[in-house]
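Remarks on the structure that follows.
The values are calculated or read from the model by the stated rules, or taken from the named source; none is laboratory data. All figures in this text were calculated on a predicted structure; none of them were measured in a lab. Reconstructed Cβ throughout: ideal geometry from the backbone, glycine too, with neighbour counts over all protein chains shown.
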Amino acid sequence: MNLIIARWGNSLALRIPADYAWRAGLKEGDKVEARLTADGGIAIRPARWNRKLFAQELAKTRDAMPMGISVMDEVRRGACR
């Protein structure tokens, strides 16, 4: 998603889409951690880790994954040779 940087007083501001904020567990007034990445990007994440929200997202992701034959079972049977 492409976002637009806007001026906010003497600083620059970035609006975070509501869906992104919700998925990250952010709400107005929360603190975030920002750091520069090795490739020149900016990484922004919640300042504190929300274990409950993480568990909910993990469960939702797990439920969306199709269940099939275990990869390890296939390796043991020699399917990857």
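Brief remarks follow.
- Reported count of residues in region 35-57, each being at pLDDT 90 or above and basic (Lys, Arg), is 1.
- Any pair with Cβ under 7 angstrom, 6 or more apart, that starts in region 1-14 at a residue that is at pLDDT 95 or above and ends at one that is part of a loop (DSSP other than H, G, I, E, B) and surrounded by 10 or more Cβ atoms within 10 Å (Cβ to Cβ): none
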